[in-house]
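Enquirer: Pasting a structure below so you can have a look.
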Amino acid sequence: DAMDMLQLSLGRVRFPFKVRFVASGEDGVDMGGVQKEFFAQLMPQLLSPSQGLFTQTGGYVWPDASSPHELSDFELVGVFLGIAFANNITLSSAVAPLAPLLVSQLAYKLEDPMRWPIDVLMRRVNRTFPELTHGLQQLLEWNEQDGSVEDVFCRTFDVTVPDPLGIWQARRNAAELESIVEQSRQSLLPPFDHLPLPILDSLNSTDGSVTFPLIPGGSDIEVTASNRAEYVQRYLQFIGFEHARAQTDALRRGFIRAADGVIYRMAHAWELIEWLSPSDSDIDPYELERVASYDDEYSSSHIVIERFWDIVRTFDQVQLRQLLSFVTASDRIPLGGYRNITFVVQRNGPDTDRLPTALTCFGRLLLPAYKTQDKLRERLLTAIENASGFGLV
């Protein structure tokens, strides 16, 4: 439904974004929290490998270069990401685990990875494809006293990639039909014409894969000690920037369509990564307490509030993220730091067996005045560990 509505509203994607429930019986006034909850429900579905748009690698999602979906579908995903950026909606790591290497390619000012030295290229690609870079690093560091590179690694200047649905084969077939007119064509048709024709053989046809030469005639050129650095560099460039370029470009077009403006044009790639990629930074409960405020008889010196923060300071990072998500609909510290968090603890009646609830629209935790610290801890943990979806408990 969201994709269909976006298709009808592409001319208005730069307007302020609000979520409105229509005849649904749901509670919600969109003061920011409902927006976050909307994306929290939508993005995991769009980015799930089961949808056929993305694959999973290194704990992140990456565009599926052999996806049967139209590039316009990737563009719509980019529009949604751009809407979130333009409306200052920080997406949590669980909601949008986009690979940092992918996010960097959404930036307005793009670097040229073809000019990066091999150590920079290895470092940038490593976070997204750790197993691949580990194997290539072994190749670079191999000591030929233990055997020649040719005999041990048995590599040629090509790369084999999955093609379970035969999408790359179909693209090659289309290019071959076109080559009847263009006799000299050695590449695929636009928008894949930056890639050479993939190589098909009997092995490829049985295991659902295709092979791309990294240089002309690459499949006949052995990787040796003298040329392995060139091989590694070309391999990383292909996997990180060439293989899924059409899908990445579509994502970027959609992102720019919704996000383009002064802030976006000033943002560096690392700032986009900080906003959109999972952060390793821990949540500091003392900083959260420092920016918190209180309402309806509660204050920083109230016994319930003192017990509350005593409990929160014992939480591990998973529980702290659950708490932050429960109250604000995001488990991450927003751009600008803790000062941009609205975290209000409001009294919600006397002691009761009811769970704490939250108004994520306003960043408010509705906390009953539980009589004991043990009860407060048990009720709070139950609430934050079982929270999902729209509406109020």
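Enquirer: In region 120-170, carbon and sulfur make up what percent of the accessible area (probe 1.4 Å)?
Expert: In region 120-170, the share of accessible area belonging to carbon and sulfur is 49 percent.
Enquirer: Could you point to the residue in Gln237, Ile263, Trp309 farthest towards the positive end of region 231-319's charge dipole, with +1 and -1 charges on the Cβ of Lys/Arg and Asp/Glu respectively?
Expert: Final value for the positive-end residue is Gln237.
Enquirer: Right, next: Take the solvent-accessible surface of the protein heavy atoms, probe 1.4 Å, and return the percent of it on region 192-251 that carbon and sulfur atoms account for.
Expert: Answer for region 192-251 is 51 percent, counting heavy atoms of protein chains only.
Enquirer: In nm, to one decimal, how far is the modelled label at Glu271 from the one at Asn173, with both set 7 Å along Cα→Cβ?
Expert: If labels sit at Glu271 and Asn173, their model points lie 4.8 nm apart.
Enquirer: A follow-up question, please. Would you tell me the accessible area of Thr224, worked out with a 1.4 angstrom probe on the heavy atoms of the protein chains, in Å² to the nearest 10?
Expert: Its heavy atoms expose roughly 30 Å² to the probe.
Enquirer: Still on this model: Work out the charge dipole of region 47-173 with +1 on the Cβ of Lys and Arg and -1 on the Cβ of Asp and Glu about the Cα centre, then indicate which of Phe85, Thr128, Ser48 is farthest towards its positive end.
Expert: Final value for the positive-end residue is Phe85.
Enquirer: Report the extension gain between Met114 and Ser219 in nm, rounded to one decimal, defined as 0.36 nm multiplied by the number of residues separating them, less their alpha carbon distance.
Expert: Result: 35.7 nm gained on full extension.
Enquirer: Taking the Cα centre of region 129-170 as origin, work out the dipole magnitude from +1 charges on Lys and Arg Cβ and -1 charges on Asp and Glu Cβ, in debye rounded to 20.
Expert: It comes to approximately 200 debye.
Enquirer: Which sequence of Glu289, Glu131, Glu242, Glu306 reflects their accessible areas, 1.4 Å probe, from the largest down?
Expert: Glu131, Glu306, Glu289, Glu242
Enquirer: Could you work out how far the C-alpha centroid of region 250-314 sits from that of region 40-65, in angstrom?
Expert: 24
Enquirer: Using a 7 Å offset from Cα along Cα-Cβ at Thr57, what residues in region 103-137 end up with backbone N under 16 Å from the label point?
Expert: 103-106, 113-114, 121-137
Enquirer: Compute, for His69, the solvent-accessible surface of its heavy atoms (probe 1.4 Å) with the complete set of protein chains present, and express it in square angstrom to the nearest 10.
Expert: Its accessible surface works out to 70 Å², give or take rounding.
Enquirer: Tyr294's amide H: which non-local residues (gap 5+, or another chain) put their own amide H closer than 5 Å, with H modeled 1.01 Å from N in plane and none for Pro or chain starts?
Expert: Sorted by chain and number, the residues that satisfy this are Val345.
Enquirer: So what's the gap between the Cα centers of region 355-373 and region 318-352, to the nearest angstrom?
Expert: 10
Enquirer: Next question. Where does each of Met122, Met114 land when they are ordered by accessible area, with a 1.4 Å probe and the largest first?
Expert: Met114, Met122
Enquirer: Next question, about the same structure. Taking N as the number of residues in region 228-325, what is its alpha-carbon radius of gyration divided by 2.2 N^0.38 Å?
Expert: 1.76
Enquirer: Separate question: Tell me, what is the per residue accessible area of region 66-174 in Å², probe radius 1.4 Å?
Expert: Solvent-accessible surface per residue comes out at 47 Å².
Enquirer: With the full set of protein chains in place, find how many percent of the accessible area of region 290-343 is carbon and sulfur; take the probe as 1.4 Å.
Expert: Heavy-atom surface of region 290-343 belonging to carbon and sulfur, 1.4 Å probe: 44 percent.
The values are calculated or read from the model by the stated rules, or taken from the named source; none is laboratory data. Keep in mind that what you see is a predicted model, and the values were worked out from it rather than measured. Counting neighbours? That spans all protein chains shown, and the Cβs are built from the backbone with ideal geometry, glycine included. Side chains are part of the model used for accessible areas, which takes the heavy atoms of the whole protein and leaves out ligands, DNA and RNA. Shrake-Rupley method; radii C 1.70, N 1.55, O 1.52, S 1.80 Å.
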